[in-house]
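> Pasting a structure below so you can have a look.
The values are calculated or read from the model by the stated rules, or taken from the named source; none is laboratory data. If you're wondering where the values come from, they're calculated on a predicted model, not measured in any experiment. Heads up, the Cβs are rebuilt from the backbone with ideal geometry, glycines too, and the neighbour counts pull from every protein chain shown. The area values use the complete protein model at the heavy-atom level, side chains included, leaving out ligands, DNA and RNA. Shrake-Rupley method; radii C 1.70, N 1.55, O 1.52, S 1.80 Å.
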Amino acid sequence: MTRAYWMETKFEFLKHLRMKSYSLSTIAFPLMFYCFFGLAMGRGNIPGAPLAMAQYLLATYGAFAIIGATIYAFGVGVAVERGLGWLQVKRASPMPPAAYFAAKGAVATAFGAIVVGLLFALGAFFGGVVMPASQWVLLGGTLIAGAVPFCALGLAIGAFAGPNSAPATVNMIYLPMSFCAGLWIPYEFLPSGLKQVAPFLPAYHFSQLALAVLHVPVQGTTIQHVAALFAFTLIFAGVAWLGNSREREKMYG
Amino acid sequence: MPVAQLQNVTKSYGPIQALRGIDLAIEAGELVALLGPNGAGKTTAVRVLLGLAMPTSGQTTIFNKPPSSYEAKLQRGALLQVAKVPETLRVREHIELFSSYYPNPLPIAETLASAGLTGIENRLFGELSGGQKQRVLFALAICGNPRLLFLDEPTVGLDVEARRALWSRIRSFVARGGSVLLTTHYLDEADALANRIAVINQGRIVAEGTPAEIKARGAATGLEDAFLSIMKETEEVAQ
(Lines give C-alpha, C1' and ligand atoms only; values in the text may rest on other atoms or scores of the structure.)
Protein backbone atom coordinates (compact mmCIF):
# COMPACT_ATOMS: atom_id res chain seq x y z
CA MET A 1 0.00 0.00 0.00
CA THR A 2 3.02 2.31 -0.14
CA ARG A 3 1.97 2.89 -3.75
CA ALA A 4 -1.23 4.58 -2.53
CA TYR A 5 0.87 6.97 -0.39
CA TRP A 6 3.10 7.79 -3.33
CA MET A 7 0.20 8.34 -5.76
CA GLU A 8 -1.69 10.44 -3.21
CA THR A 9 1.38 12.65 -2.77
CA LYS A 10 2.10 12.91 -6.50
CA PHE A 11 -1.43 13.96 -7.41
CA GLU A 12 -1.76 16.24 -4.39
CA PHE A 13 1.32 18.05 -5.67
CA LEU A 14 0.00 18.32 -9.25
CA LYS A 15 -3.38 19.46 -7.95
CA HIS A 16 -1.81 22.30 -5.96
CA LEU A 17 0.64 23.25 -8.67
CA ARG A 18 -2.20 23.74 -11.16
CA MET A 19 -4.37 25.56 -8.61
CA LYS A 20 -3.29 29.14 -9.31
CA SER A 21 -4.96 30.51 -6.20
CA TYR A 22 -2.64 28.31 -4.15
CA SER A 23 0.61 28.23 -6.07
CA LEU A 24 0.67 31.93 -6.90
CA SER A 25 -0.27 33.22 -3.46
CA THR A 26 2.06 30.92 -1.53
CA ILE A 27 4.98 31.59 -3.87
CA ALA A 28 4.44 35.21 -4.88
CA PHE A 29 3.63 36.89 -1.55
CA PRO A 30 6.77 35.98 0.43
CA LEU A 31 9.00 36.71 -2.57
CA MET A 32 7.32 40.05 -3.23
CA PHE A 33 7.51 41.17 0.40
CA TYR A 34 11.13 40.09 0.61
CA CYS A 35 11.94 42.12 -2.51
CA PHE A 36 10.28 45.22 -1.00
CA PHE A 37 11.55 45.06 2.55
CA GLY A 38 14.66 42.91 2.28
CA LEU A 39 16.12 44.07 -1.01
CA ALA A 40 14.71 47.47 -2.00
CA MET A 41 14.68 48.98 1.49
CA GLY A 42 16.99 46.63 3.32
CA ARG A 43 20.33 48.29 2.87
CA GLY A 44 20.82 49.15 6.52
CA ASN A 45 21.78 46.98 9.45
CA ILE A 46 19.43 45.79 12.16
CA PRO A 47 19.99 47.94 15.27
CA GLY A 48 21.88 45.98 17.90
CA ALA A 49 22.84 43.18 15.50
CA PRO A 50 25.78 43.05 13.13
CA LEU A 51 23.48 41.87 10.39
CA ALA A 52 22.06 43.31 7.18
CA MET A 53 18.29 43.54 6.85
CA ALA A 54 18.49 41.31 3.76
CA GLN A 55 19.91 38.50 5.86
CA TYR A 56 17.67 38.99 8.89
CA LEU A 57 14.52 39.00 6.77
CA LEU A 58 15.60 35.82 5.00
CA ALA A 59 14.82 34.01 8.25
CA THR A 60 11.53 35.78 8.92
CA TYR A 61 10.17 35.70 5.36
CA GLY A 62 11.32 32.09 5.15
CA ALA A 63 9.11 31.42 8.16
CA PHE A 64 6.32 33.46 6.53
CA ALA A 65 6.61 31.31 3.38
CA ILE A 66 6.49 28.01 5.27
CA ILE A 67 3.49 29.12 7.33
CA GLY A 68 1.64 30.29 4.21
CA ALA A 69 2.22 27.09 2.26
CA THR A 70 1.07 24.86 5.12
CA ILE A 71 -1.81 26.89 6.55
CA TYR A 72 -3.45 27.35 3.11
CA ALA A 73 -2.98 23.73 2.03
CA PHE A 74 -4.52 22.39 5.24
CA GLY A 75 -6.83 25.20 6.34
CA VAL A 76 -8.47 25.85 2.99
CA GLY A 77 -7.84 22.41 1.46
CA VAL A 78 -9.36 20.39 4.27
CA ALA A 79 -12.27 22.81 4.82
CA VAL A 80 -13.27 22.63 1.15
CA GLU A 81 -12.77 18.89 0.70
CA ARG A 82 -14.51 18.10 3.97
CA GLY A 83 -17.32 20.63 3.60
CA LEU A 84 -18.18 19.85 -0.01
CA GLY A 85 -18.22 16.07 0.25
CA TRP A 86 -14.96 15.00 -1.39
CA LEU A 87 -13.45 13.67 1.83
CA GLN A 88 -16.51 11.41 2.21
CA VAL A 89 -15.83 9.83 -1.16
CA LYS A 90 -12.24 9.17 -0.11
CA ARG A 91 -13.28 7.83 3.30
CA ALA A 92 -15.70 5.43 1.66
CA SER A 93 -12.86 4.10 -0.52
CA PRO A 94 -10.05 1.83 0.74
CA MET A 95 -7.60 4.77 0.77
CA PRO A 96 -5.30 4.40 3.81
CA PRO A 97 -6.70 7.26 5.96
CA ALA A 98 -3.22 8.48 6.91
CA ALA A 99 -2.30 8.85 3.22
CA TYR A 100 -4.60 11.84 2.85
CA PHE A 101 -2.92 13.80 5.63
CA ALA A 102 0.62 12.58 4.94
CA ALA A 103 0.32 13.65 1.30
CA LYS A 104 -1.02 17.09 2.24
CA GLY A 105 1.78 17.57 4.78
CA ALA A 106 4.49 16.48 2.33
CA VAL A 107 3.15 18.67 -0.47
CA ALA A 108 2.62 21.75 1.70
CA THR A 109 6.14 21.40 3.11
CA ALA A 110 7.56 20.89 -0.38
CA PHE A 111 5.91 24.10 -1.61
CA GLY A 112 7.25 25.93 1.42
CA ALA A 113 10.72 24.52 0.75
CA ILE A 114 10.59 25.66 -2.87
CA VAL A 115 9.75 29.21 -1.78
CA VAL A 116 12.52 29.14 0.83
CA GLY A 117 14.93 28.06 -1.91
CA LEU A 118 13.81 30.97 -4.10
CA LEU A 119 14.18 33.39 -1.18
CA PHE A 120 17.69 32.09 -0.54
CA ALA A 121 18.57 32.64 -4.20
CA LEU A 122 17.24 36.22 -4.07
CA GLY A 123 19.17 36.90 -0.87
CA ALA A 124 22.41 35.43 -2.16
CA PHE A 125 22.36 36.98 -5.62
CA PHE A 126 20.63 40.30 -5.04
CA GLY A 127 20.82 40.90 -1.29
CA GLY A 128 24.53 40.31 -0.85
CA VAL A 129 23.89 37.69 1.85
CA VAL A 130 27.02 35.64 2.53
CA MET A 131 26.98 32.69 4.91
CA PRO A 132 28.97 29.46 5.28
CA ALA A 133 27.28 26.51 3.54
CA SER A 134 26.52 24.89 6.89
CA GLN A 135 24.57 27.95 7.99
CA TRP A 136 22.48 27.98 4.80
CA VAL A 137 21.68 24.31 5.34
CA LEU A 138 20.87 24.79 9.00
CA LEU A 139 18.59 27.75 8.26
CA GLY A 140 16.82 25.83 5.49
CA GLY A 141 16.46 22.76 7.72
CA THR A 142 15.08 24.81 10.63
CA LEU A 143 12.53 26.47 8.37
CA ILE A 144 11.38 23.17 6.85
CA ALA A 145 11.09 21.49 10.27
CA GLY A 146 8.95 24.43 11.36
CA ALA A 147 6.22 23.30 8.94
CA VAL A 148 4.91 20.77 11.49
CA PRO A 149 3.04 23.06 13.94
CA PHE A 150 1.53 25.03 11.07
CA CYS A 151 0.25 21.92 9.32
CA ALA A 152 -1.49 21.20 12.64
CA LEU A 153 -2.82 24.77 12.83
CA GLY A 154 -4.16 24.47 9.28
CA LEU A 155 -5.76 21.14 10.13
CA ALA A 156 -7.50 22.72 13.14
CA ILE A 157 -8.84 25.56 10.97
CA GLY A 158 -9.87 23.09 8.25
CA ALA A 159 -11.81 21.02 10.77
CA PHE A 160 -14.01 23.94 11.79
CA ALA A 161 -14.12 26.51 8.96
CA GLY A 162 -16.87 26.36 6.36
CA PRO A 163 -15.80 25.72 2.77
CA ASN A 164 -16.64 29.26 1.64
CA SER A 165 -15.32 31.15 4.63
CA ALA A 166 -12.09 29.15 5.00
CA PRO A 167 -9.87 31.41 2.84
CA ALA A 168 -10.98 34.48 4.80
CA THR A 169 -10.52 32.64 8.11
CA VAL A 170 -7.02 31.57 7.12
CA ASN A 171 -6.07 35.10 6.09
CA MET A 172 -7.49 36.54 9.32
CA ILE A 173 -5.16 34.25 11.27
CA TYR A 174 -2.15 34.08 8.97
CA LEU A 175 -1.59 37.76 8.19
CA PRO A 176 -2.09 39.38 11.63
CA MET A 177 -0.13 36.55 13.27
CA SER A 178 2.75 37.09 10.86
CA PHE A 179 2.84 40.82 11.55
CA CYS A 180 2.54 40.53 15.32
CA ALA A 181 5.21 37.82 15.48
CA GLY A 182 7.72 40.07 13.71
CA LEU A 183 7.84 38.24 10.38
CA TRP A 184 7.27 41.33 8.25
CA ILE A 185 9.24 43.85 10.22
CA PRO A 186 11.71 42.77 12.92
CA TYR A 187 10.36 42.03 16.39
CA GLU A 188 12.63 44.75 17.82
CA PHE A 189 10.73 47.37 15.80
CA LEU A 190 7.28 46.31 17.02
CA PRO A 191 5.40 48.59 19.44
CA SER A 192 5.70 47.36 23.02
CA GLY A 193 2.02 46.30 23.14
CA LEU A 194 2.55 43.85 20.29
CA LYS A 195 5.76 42.60 21.85
CA GLN A 196 3.63 41.38 24.78
CA VAL A 197 1.32 39.48 22.40
CA ALA A 198 4.06 37.83 20.32
CA PRO A 199 4.98 35.00 22.76
CA PHE A 200 1.41 33.68 22.47
CA LEU A 201 1.85 33.17 18.72
CA PRO A 202 3.52 30.05 17.29
CA ALA A 203 4.97 32.16 14.44
CA TYR A 204 7.00 34.14 16.98
CA HIS A 205 8.69 31.03 18.40
CA PHE A 206 9.32 29.75 14.89
CA SER A 207 10.99 32.97 13.72
CA GLN A 208 13.10 33.21 16.89
CA LEU A 209 14.45 29.71 16.15
CA ALA A 210 15.29 30.66 12.57
CA LEU A 211 16.94 33.91 13.72
CA ALA A 212 19.03 32.02 16.26
CA VAL A 213 20.65 30.19 13.34
CA LEU A 214 21.85 33.61 12.10
CA HIS A 215 23.32 34.37 15.56
CA VAL A 216 20.88 37.22 16.09
CA PRO A 217 20.49 37.89 19.83
CA VAL A 218 17.04 36.32 20.26
CA GLN A 219 14.50 36.29 23.08
CA GLY A 220 14.56 33.18 25.27
CA THR A 221 16.37 29.92 24.61
CA THR A 222 16.15 27.42 21.79
CA ILE A 223 14.70 24.78 24.12
CA GLN A 224 11.93 27.15 25.21
CA HIS A 225 10.92 27.88 21.63
CA VAL A 226 11.00 24.23 20.60
CA ALA A 227 8.93 23.34 23.66
CA ALA A 228 6.42 26.09 22.86
CA LEU A 229 6.05 24.88 19.26
CA PHE A 230 5.64 21.30 20.46
CA ALA A 231 2.87 22.42 22.82
CA PHE A 232 1.14 24.41 20.06
CA THR A 233 1.28 21.34 17.79
CA LEU A 234 -0.42 19.20 20.41
CA ILE A 235 -3.10 21.82 21.06
CA PHE A 236 -3.86 22.29 17.35
CA ALA A 237 -3.93 18.54 16.72
CA GLY A 238 -6.33 18.15 19.65
CA VAL A 239 -8.60 20.89 18.30
CA ALA A 240 -8.53 19.25 14.86
CA TRP A 241 -9.43 15.91 16.39
CA LEU A 242 -12.38 17.48 18.25
CA GLY A 243 -13.64 19.12 15.09
CA ASN A 244 -13.33 15.86 13.22
CA SER A 245 -15.34 13.86 15.73
CA ARG A 246 -18.00 16.57 15.87
CA GLU A 247 -18.27 16.46 12.08
CA ARG A 248 -18.94 12.73 11.93
CA GLU A 249 -22.11 13.06 13.93
CA LYS A 250 -23.36 16.29 12.42
CA MET A 251 -24.05 15.44 8.82
CA TYR A 252 -27.32 13.88 7.85
CA GLY A 253 -29.55 13.62 4.85
CA MET B 1 -26.15 -14.72 2.30
CA PRO B 2 -26.90 -11.09 1.43
CA VAL B 3 -24.02 -8.96 0.18
CA ALA B 4 -25.20 -6.03 2.30
CA GLN B 5 -27.57 -5.96 5.20
CA LEU B 6 -29.18 -3.51 7.59
CA GLN B 7 -30.90 -5.12 10.58
CA ASN B 8 -33.21 -2.97 12.66
CA VAL B 9 -30.95 0.02 12.17
CA THR B 10 -31.78 3.35 13.78
CA LYS B 11 -29.84 6.56 13.47
CA SER B 12 -30.46 9.76 15.42
CA TYR B 13 -28.73 13.07 15.00
CA GLY B 14 -29.53 14.77 18.28
CA PRO B 15 -33.33 15.11 18.35
CA ILE B 16 -33.69 14.15 14.67
CA GLN B 17 -34.46 10.51 13.97
CA ALA B 18 -33.17 9.92 10.47
CA LEU B 19 -33.67 6.13 10.52
CA ARG B 20 -36.33 4.49 12.71
CA GLY B 21 -35.59 0.78 12.45
CA ILE B 22 -34.63 -0.21 8.90
CA ASP B 23 -34.34 -3.80 7.68
CA LEU B 24 -32.90 -4.16 4.23
CA ALA B 25 -30.90 -6.90 2.53
CA ILE B 26 -29.29 -6.86 -0.89
CA GLU B 27 -28.72 -10.27 -2.46
CA ALA B 28 -25.93 -11.06 -4.91
CA GLY B 29 -26.71 -9.95 -8.46
CA GLU B 30 -29.64 -7.80 -7.40
CA LEU B 31 -30.31 -4.12 -8.04
CA VAL B 32 -32.31 -2.69 -5.18
CA ALA B 33 -33.70 0.82 -5.43
CA LEU B 34 -34.23 2.75 -2.23
CA LEU B 35 -36.97 5.12 -3.29
CA GLY B 36 -38.19 8.02 -1.23
CA PRO B 37 -38.75 11.77 -1.08
CA ASN B 38 -36.02 14.21 -0.04
CA GLY B 39 -35.15 13.85 3.64
CA ALA B 40 -36.62 10.33 3.90
CA GLY B 41 -33.34 8.84 5.15
CA LYS B 42 -31.94 7.42 1.89
CA THR B 43 -28.56 9.09 2.16
CA THR B 44 -28.31 8.27 5.88
CA ALA B 45 -28.92 4.60 5.07
CA VAL B 46 -26.14 4.69 2.49
CA ARG B 47 -23.81 6.51 4.90
CA VAL B 48 -24.40 3.81 7.51
CA LEU B 49 -23.74 1.08 4.93
CA LEU B 50 -20.49 2.80 3.94
CA GLY B 51 -19.32 3.17 7.53
CA LEU B 52 -19.40 6.97 7.25
CA ALA B 53 -22.00 7.21 10.02
CA MET B 54 -22.32 4.91 13.04
CA PRO B 55 -25.85 3.58 13.57
CA THR B 56 -27.44 4.49 16.91
CA SER B 57 -28.60 0.87 17.19
CA GLY B 58 -28.86 -2.21 15.00
CA GLN B 59 -26.51 -4.30 12.87
CA THR B 60 -24.90 -3.45 9.54
CA THR B 61 -22.74 -5.77 7.46
CA ILE B 62 -21.14 -5.70 4.00
CA PHE B 63 -20.08 -9.19 2.84
CA ASN B 64 -20.47 -10.21 6.49
CA LYS B 65 -17.88 -7.62 7.57
CA PRO B 66 -18.27 -4.28 9.39
CA PRO B 67 -18.93 -1.58 6.77
CA SER B 68 -15.89 0.52 7.69
CA SER B 69 -13.49 -2.44 7.52
CA TYR B 70 -10.81 -2.58 4.86
CA GLU B 71 -12.17 -5.93 3.60
CA ALA B 72 -15.60 -4.38 3.07
CA LYS B 73 -14.15 -1.31 1.37
CA LEU B 74 -12.19 -3.42 -1.12
CA GLN B 75 -15.31 -5.18 -2.37
CA ARG B 76 -17.59 -2.20 -2.80
CA GLY B 77 -17.60 1.06 -4.69
CA ALA B 78 -19.61 4.18 -4.03
CA LEU B 79 -20.91 7.09 -6.06
CA LEU B 80 -21.91 9.73 -3.52
CA GLN B 81 -23.42 13.17 -3.83
CA VAL B 82 -20.45 15.50 -3.79
CA ALA B 83 -20.60 19.24 -4.30
CA LYS B 84 -17.02 19.72 -5.38
CA VAL B 85 -14.39 17.35 -6.73
CA PRO B 86 -10.78 18.62 -7.11
CA GLU B 87 -10.87 20.38 -10.47
CA THR B 88 -7.19 20.60 -11.31
CA LEU B 89 -6.64 16.86 -11.80
CA ARG B 90 -7.21 15.14 -15.12
CA VAL B 91 -9.81 12.39 -15.56
CA ARG B 92 -7.11 9.75 -15.93
CA GLU B 93 -5.24 11.03 -12.85
CA HIS B 94 -8.35 10.79 -10.67
CA ILE B 95 -8.84 7.20 -11.83
CA GLU B 96 -5.15 6.28 -11.42
CA LEU B 97 -5.24 7.59 -7.86
CA PHE B 98 -8.36 5.68 -6.82
CA SER B 99 -7.13 2.54 -8.60
CA SER B 100 -3.96 2.69 -6.47
CA TYR B 101 -6.08 2.10 -3.35
CA TYR B 102 -6.95 -1.44 -4.54
CA PRO B 103 -4.60 -4.42 -4.87
CA ASN B 104 -6.36 -5.68 -8.03
CA PRO B 105 -8.02 -2.78 -9.82
CA LEU B 106 -9.42 -2.88 -13.34
CA PRO B 107 -6.93 -1.77 -16.01
CA ILE B 108 -7.26 2.02 -16.42
CA ALA B 109 -8.34 1.66 -20.07
CA GLU B 110 -11.14 -0.71 -19.06
CA THR B 111 -12.39 1.66 -16.35
CA LEU B 112 -12.34 4.54 -18.85
CA ALA B 113 -14.28 2.47 -21.37
CA SER B 114 -16.84 1.16 -18.85
CA ALA B 115 -17.58 4.68 -17.66
CA GLY B 116 -17.69 6.18 -21.16
CA LEU B 117 -14.64 8.40 -20.64
CA THR B 118 -12.45 7.20 -23.48
CA GLY B 119 -11.33 10.26 -25.44
CA ILE B 120 -11.67 12.72 -22.58
CA GLU B 121 -9.23 11.07 -20.17
CA ASN B 122 -6.77 13.97 -20.41
CA ARG B 123 -9.26 16.72 -19.61
CA LEU B 124 -9.12 18.48 -16.27
CA PHE B 125 -12.11 17.64 -14.09
CA GLY B 126 -13.06 21.31 -13.91
CA GLU B 127 -13.48 21.45 -17.70
CA LEU B 128 -16.09 18.66 -17.86
CA SER B 129 -19.84 18.91 -18.34
CA GLY B 130 -22.22 17.74 -15.61
CA GLY B 131 -22.80 14.38 -17.28
CA GLN B 132 -19.08 13.81 -17.79
CA LYS B 133 -18.36 14.68 -14.15
CA GLN B 134 -20.92 12.12 -13.01
CA ARG B 135 -19.27 9.54 -15.27
CA VAL B 136 -15.93 10.21 -13.58
CA LEU B 137 -17.53 9.60 -10.18
CA PHE B 138 -19.00 6.39 -11.60
CA ALA B 139 -15.51 5.42 -12.83
CA LEU B 140 -14.08 6.00 -9.33
CA ALA B 141 -16.81 3.73 -7.94
CA ILE B 142 -16.04 0.84 -10.34
CA CYS B 143 -12.25 1.17 -10.79
CA GLY B 144 -11.48 -1.25 -7.96
CA ASN B 145 -13.54 -3.97 -9.65
CA PRO B 146 -16.06 -4.16 -6.77
CA ARG B 147 -18.85 -6.72 -6.42
CA LEU B 148 -21.23 -4.20 -4.89
CA LEU B 149 -22.00 -0.62 -5.87
CA PHE B 150 -23.70 2.12 -3.87
CA LEU B 151 -25.16 4.83 -6.07
CA ASP B 152 -26.60 7.76 -4.13
CA GLU B 153 -28.92 9.68 -6.46
CA PRO B 154 -26.55 9.19 -9.37
CA THR B 155 -28.58 10.99 -12.03
CA VAL B 156 -29.67 14.15 -10.19
CA GLY B 157 -29.14 17.16 -12.43
CA LEU B 158 -28.37 15.17 -15.56
CA ASP B 159 -30.16 15.68 -18.88
CA VAL B 160 -32.19 12.84 -20.38
CA GLU B 161 -29.42 11.60 -22.62
CA ALA B 162 -26.76 11.55 -19.90
CA ARG B 163 -29.22 9.87 -17.56
CA ARG B 164 -30.06 7.09 -20.02
CA ALA B 165 -26.34 6.58 -20.72
CA LEU B 166 -25.61 6.16 -17.02
CA TRP B 167 -28.54 3.74 -16.71
CA SER B 168 -27.05 1.53 -19.39
CA ARG B 169 -23.66 1.56 -17.60
CA ILE B 170 -25.38 0.54 -14.36
CA ARG B 171 -27.23 -2.24 -16.21
CA SER B 172 -24.01 -3.61 -17.69
CA PHE B 173 -22.43 -3.65 -14.21
CA VAL B 174 -25.35 -5.80 -13.00
CA ALA B 175 -25.15 -7.95 -16.15
CA ARG B 176 -21.56 -8.80 -15.22
CA GLY B 177 -22.78 -10.15 -11.88
CA GLY B 178 -22.52 -7.04 -9.70
CA SER B 179 -25.02 -6.01 -7.04
CA VAL B 180 -26.28 -2.44 -6.65
CA LEU B 181 -28.05 -0.34 -4.06
CA LEU B 182 -29.41 2.73 -5.80
CA THR B 183 -31.12 5.60 -4.04
CA THR B 184 -33.36 7.83 -6.05
CA HIS B 185 -36.40 10.01 -5.85
CA TYR B 186 -37.15 9.43 -9.53
CA LEU B 187 -39.83 6.79 -9.87
CA ASP B 188 -39.05 6.02 -13.49
CA GLU B 189 -35.43 5.39 -12.55
CA ALA B 190 -36.40 2.81 -9.93
CA ASP B 191 -38.90 1.30 -12.36
CA ALA B 192 -36.38 1.08 -15.19
CA LEU B 193 -33.45 -0.36 -13.24
CA ALA B 194 -34.53 -2.20 -10.11
CA ASN B 195 -35.30 -5.86 -9.47
CA ARG B 196 -36.74 -4.76 -6.17
CA ILE B 197 -37.87 -1.43 -4.77
CA ALA B 198 -37.85 -0.47 -1.10
CA VAL B 199 -39.91 2.65 -0.49
CA ILE B 200 -38.57 4.70 2.42
CA ASN B 201 -40.37 7.53 4.17
CA GLN B 202 -39.66 9.30 7.45
CA GLY B 203 -36.88 6.86 8.28
CA ARG B 204 -38.91 3.67 7.74
CA ILE B 205 -39.26 1.19 4.91
CA VAL B 206 -42.97 1.50 4.14
CA ALA B 207 -43.28 -0.82 1.14
CA GLU B 208 -41.08 -3.37 -0.56
CA GLY B 209 -41.42 -5.53 -3.66
CA THR B 210 -40.81 -5.78 -7.37
CA PRO B 211 -41.70 -2.68 -9.40
CA ALA B 212 -44.86 -4.52 -10.54
CA GLU B 213 -45.86 -5.34 -6.96
CA ILE B 214 -45.34 -1.75 -5.84
CA LYS B 215 -47.40 -0.49 -8.77
CA ALA B 216 -50.19 -2.95 -7.94
CA ARG B 217 -50.62 -1.47 -4.48
CA GLY B 218 -53.80 0.52 -4.06
CA ALA B 219 -55.93 1.42 -7.02
CA ALA B 220 -53.03 3.10 -8.72
CA THR B 221 -52.59 3.22 -12.45
CA GLY B 222 -48.83 3.80 -12.41
CA LEU B 223 -45.84 3.86 -10.14
CA GLU B 224 -46.21 7.55 -9.41
CA ASP B 225 -49.81 7.12 -8.19
CA ALA B 226 -48.81 4.10 -6.14
CA PHE B 227 -45.93 6.04 -4.61
CA LEU B 228 -48.11 8.97 -3.66
CA SER B 229 -50.75 6.72 -2.13
CA ILE B 230 -48.12 4.83 -0.10
CA MET B 231 -46.70 8.16 1.13
CA LYS B 232 -50.19 9.30 2.11
CA GLU B 233 -51.13 6.09 3.92
CA THR B 234 -47.93 5.90 5.92
CA GLU B 235 -47.98 9.52 6.92
CA GLU B 236 -51.56 9.13 8.20
CA VAL B 237 -50.44 6.11 10.24
CA ALA B 238 -47.57 8.13 11.68
CA GLN B 239 -49.93 10.85 12.80
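> If you take each beta carbon of peptide B:73-79 and count the beta carbons of other chains within 10 angstrom, what is the mean?
Per residue, the number of nearby Cβ atoms from other chains is 3 on average.
> Restricting attention to the alpha-carbon atoms of the protein assembly as shown, what are Rg (one decimal) and Dmax (integer), both in Å?
Taking only Cα atoms of the protein assembly as shown, I get Rg and Dmax of 27.3, 94 Å.
> Here's something else I'd like to know. Quote the charge dipole size of segment B:121-239 about the Cα centre in Debye, to the nearest 20; the model charges only the Cβ of Lys and Arg (+1) and of Asp and Glu (-1).
560
> Once A and B are treated as a pair rather than alone, how much accessible area drops out, both sides summed, in Å² to 100, probe 1.4 Å?
Roughly 3000 Å² of accessible surface disappears when A and B pair.
> Taking 1 over the mean of 1/r across every pair of different Cα atoms in segment B:121-239, what Kirkwood radius in Å do you get?
It works out to 15.9 Å.
> Within chain B, what whole-number % of the accessible surface is contributed by carbon and sulfur, with the 1.4 Å probe and all protein chains included in the calculation?
That share works out to 48 percent.
> Give the relative contact order (percent, whole number) for chain A; include only Cα pairs under 8 Å separated by 6+ residues.
25
> Dipole of the protein assembly as shown (Lys/Arg Cβ +1, Asp/Glu Cβ -1, origin at the Cα centre): which of A:SER25, A:ALA59, B:GLN59 lies farthest to the positive side?
A:ALA59
> To the nearest 10 square angstrom, what accessible area does B:THR118 show with a 1.4 Å probe?
Estimated to the nearest 10 Å², B:THR118 gives 100 Å².
> Can you report the principal axis dimensions of segment A:85-195 using only the alpha carbons, biggest first, rounded to whole angstrom?
53, 37, 20
> Relative contact order of chain B: what whole-number percent is it, with Cα pairs under 8 angstrom and at least 6 residues apart?
This gives 26 percent for chain B.
> Now a separate question. Accessible area of segment A:152-201 with a 1.4 Å probe: how many percent of it is carbon plus sulfur?
Of the solvent-accessible surface of segment A:152-201, carbon and sulfur hold 74 percent.
> Then there's this: FRET efficiency for B:ALA212 and B:VAL160, Cβ-Cβ distance as r, R0 = 22 Å, nearest 0.05?
Efficiency, from the Cβ-Cβ distance: 0.35.
> How high is the FRET efficiency from B:ARG169 to B:VAL82, r the C-beta distance, R0 22 Å, rounded to 0.05?
Taking R0 as 22 Å, the efficiency between B:ARG169 and B:VAL82 is 0.75.
> Let me ask something additional. So what's the projected area for segment B:171-228, the Cα convex hull averaged over all directions, in nm²?
The Cα convex hull of segment B:171-228, projected and averaged over all directions, gives 4.1 nm².
> To continue, here is another question. Mind jotting down a quarter of the surface of the convex hull over the alpha carbons of segment B:30-125, in square nanometres, one decimal?
Average of the hull's projected areas for segment B:30-125 equals 8.0 nm².
> What value in Å³ per residue do you get for the convex hull of the alpha-carbon atoms in segment A:29-151?
Looking at segment A:29-151, the number lands at 109 Å³ per residue.
> Let me ask you something else. Can you give the FRET efficiency for B:LEU124 and A:VAL130, using 1/(1 + (r/R0)^6), R0 = 30 Å, r = Cβ-Cβ distance, to the nearest 0.05?
Approximately 0.10, to the nearest 0.05.
> Right, next: Under the rule a/c < 1.5 gives rounded, and otherwise a/b versus b/c splits prolate from oblate, where does segment A:141-253 land using the Cα gyration tensor?
The shape class here is prolate.
> Please give the average number of partner chain Cβ atoms lying within 10 Å of the Cβ of each residue in B:87-93, rounded to a whole number.
Going residue by residue through B:87-93 and averaging, the value is 4.
> Counting alpha carbon pairs within less than 8 Å and at least 6 residues apart, what relative contact order, in whole percent, applies to segment A:96-209?
That works out to 19 percent.
> How big is D for chain A, in µm² s⁻¹ as a whole number, if Stokes-Einstein is applied with the Kirkwood radius of its Cα pairs at 4 °C and 1.567 mPa s?
Approximately 69 µm²/s, per Stokes-Einstein.
> How much of A:TRP136 can a 1.4 Å solvent probe reach, expressed as accessible area in Å² and rounded to 10?
50
> Give the accessible surface of the protein assembly as shown per residue, rounded to a whole number of Å², with probe radius 1.4 Å and ligands, DNA and RNA excluded.
Per-residue accessible area for the protein assembly as shown comes out at 41 Å².
> Bin width 5 Å, origin at 0, all Cα-Cα pairs of chain B: what percent of pairs per bin?
The percentages, shortest bin first, are 1, 7, 14, 18, 19, 16, 12, 8, 4, 1, 0.
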